[in-house]
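Worksheet: one structure, shown below.
Read-outs throughout are calculated quantities, based only on the coordinates presented, and are distinct from any laboratory measurement. Quick caveat: nothing in here was measured; it's all calculated off a predicted structure. FYI the Cβ positions are ideal-geometry reconstructions off the backbone, even for glycines, and counts take in every protein chain you see.
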Amino acid sequence: MKNEAWGQALRVLGNLSGWIAFPVLIGVILGKWLDRKFNTEPWLFLTTIGVCFLVSMYGLVINALKEFKKIERLERKTKPAASFKSTGKQSDQPKDL
């Protein structure tokens with residue numbers, strides 16, 4: 001169980017880190033190339049970095065929400081059923097006097 005949790009955590013870390021690194025890296029390379037090609041330094045570079053930042057944030061939010069939903073589903077499966085005490089019905093547990 002503990003190794004499963006670590007594996008899931010590392011998978012999420014890798015997935016979300018990829019959404020941070022790759023769009024920005026692509027933006028840097030593409031922006032520099034466009035600036036050299038059209039002699040617009042630094043405007044196309046800054047625009048490309050801005051667009052890639054927005055893509056990165058969108059991907060992070062979407063993937064983080066998916067991971068939160070997966071975690072919630074797993075927690076629901078592993079939690080024991082609610083006791084009668086919390087539902088207001090009579091329980092088998094002794095009452096404190």
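Couple of notes before you dig in:
- When you work out D = kT/(6 pi eta Rh) for the stretch 18-76 at 25 °C and 0.890 mPa s, using the Kirkwood radius from C-alpha pairs as Rh and the Stokes-Einstein form, the result is 193 µm²/s.
- Estimated FRET transfer efficiency when R0 is 35 angstrom, pair Val28-Glu75 (beta carbons, to 0.05): 0.35
- Relative to the current alpha-carbon distance between Phe68 and Arg36, full extension at 0.36 nm per residue lengthens the span by 7.3 nm.
- Modelled this way, with points 7 Å down the Cα-to-C-beta line, the labels at Phe53 and Ala21 are 2.1 nm from one another.
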